[in-house]
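None of the figures in this text is laboratory data; all of them are computed from the coordinates on show. Nothing here was measured: the structure is a model prediction, and the numbers come from that model. Using ideal geometry, Cβ is built from the backbone for each residue, glycine included, and neighbour counts are taken over all protein chains shown.
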Amino acid sequence: MLQEFVAVIQGIGHTLTKGLPISIALGLVFTALSFLWACNPGQVWWRKRDLVTDLCYWFFIPLFSRYLRECGLLDDAAERQMTEQAKAEVDEAVEFARASPFPPASLTADLVYA
C-alpha cells in the first residue's frame, strides 16, 4: 500500500515538473494578451467555469493514466480502444444533433432566466 502511495506522489511530481512550467508561462502570456487585446468579451479565463475541466485534462488525466500504466492496468491497446470508443460516441452525438430539428422559436423566451 505504501509503495502505491509513493508511486502516486512520484507521478504527481513528474506531471507537475513537466506540465506546470509550460502552463504557468502560457497563463502569464494569455493574461497579458487579454488585458491588451481581448478577443472575446466577458469573463477572463481564470474566472470561467471550464477551468476545472481544463485542469483535469492537463494534469489529472495524465497523472492517473501514468499511474494505471505503472500498475499494469492500462496498456496502449486499451487506451486506443477507449479513445476510439469515446470518439465514436461523440461523433454519434454530433450526428444526432445535426439530424435533430431546431426547437420552436417560442422556447427562446421561456428558457431565459435573467
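For region 45-114, chymotrypsin sites (Phe, Trp or Tyr not before Pro) are listed when DSSP marks them as loop and at most 10 other Cβ atoms sit within 10 Å of their Cβ; the list is Tyr113.
The angle between the Cα long axis of helix 2-36 and the main principal axis of the chain comes to about 40°, on a 0 to 90 degree scale.
Among the chymotrypsin sites (Phe, Trp or Tyr not before Pro) in region 11-40, those located in a DSSP loop and surrounded by at most 15 other Cβ atoms within 10 Å of their own Cβ are Trp37.
Amide H contacts under 5 Å for Leu74: Arg69, restricted to partners 5 or more places along the chain or on a different chain, H placed in the peptide plane at 1.01 Å from N. Entry note, the chain: the mean residue ellipticity at 222 nm calculated from DSSP H runs of n ≥ 4, each adding -39500 (n - 2.57), is -23000 deg cm²/dmol after division by the residues and rounding to the nearest 500.
Taking the square roots of 5 times each eigenvalue of the Cα gyration tensor of the chain, largest first, gives ellipsoid semi-axes of 35, 26, 13 Å.
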